[in-house]
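Note sheet for the following structure.
Computed from the coordinates by the stated procedures, all read-outs in this text should not be read as laboratory data. None of these values were measured; they are calculated from a predicted model. Every residue, glycine among them, receives a Cβ derived from its backbone with ideal geometry; neighbour counts consider all protein chains shown.
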Amino acid sequence: MEDLVDRLEELERRVAALESAQPEHAQLPWAVARLRQEFADAGKRTGGVLLAGALQLPTGERFDWQAQYPTDAIVGDVWTIEAANCLAALADPVRLRLLQEIVYGRRTAADLAAIAELGTSPEIYQHLRQLAAVGWLQTAGLGRFEVPESRLVPLLAVLAAAQR
């Protein structure tokens, strides 16, 4: 009888292990698994998006930033003319290059005007104004421009998403 009980316990242990195991291909990346759990714990039934970055720019500046957005908030709020204008500002190769140069440390209009392929000073100022109008740039005093910390990771995420 004891042998039967031992065998039954062993069988129950093995069934429980099989039921709790997921196939290897079903394992979620750690960030996705945690994000699913956080949204579930918060009662966000449709899940959401996490943007995060731990960056060190070529200038030596370090940025650690993260934001979570529930799916309902993104789908319900972001598909507006403001979002279209924000994305359209990135659609110009000169503006993208300006942002790249600013991230890499060239932050004054004079520094940027020294790059011949970016255009004339008035053209550069026009591009800078367009980027600032939608929040991709801000002035940092003394004629310096910078990508706001809250926009740096989203900018890099947009660029990463645009790569094929």
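Structure data summary
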| read-out | value |
| --- | --- |
| Rounded to whole Hz, the Karplus (6.51, -1.76, 1.60) HN-Hα couplings of the stretch 28-38, x for glycine and proline | 8, x, 4, 5, 5, 4, 5, 5, 4, 5, 5 |
| Estimated [θ] at 222 nm from DSSP helical runs (n ≥ 4, -39500 (n - 2.57)) normalised by residues in the chain, nearest 500 | -16500 deg cm²/dmol |
| Label-to-label distance, nm, for residues given as residue 73 and residue 97 (7 Å Cα→Cβ offset) | 3.7 |
| Added length on full extension, which subtracts the Cα-Cα distance from 0.36 nm per residue, residue 17 to residue 37 | 5.0 nm |
| Distant-in-sequence amide H partners of residue 48 (H built 1.01 Å from N, under 5 Å) | 71 |
| Relative contact order (%) - criterion: Cα under 8 Å, at least six apart; region: the chain | 16 |
| Rg/Rh ratio calculated on Cα atoms of the stretch 1-143 (Kirkwood radius) | 1.29 |
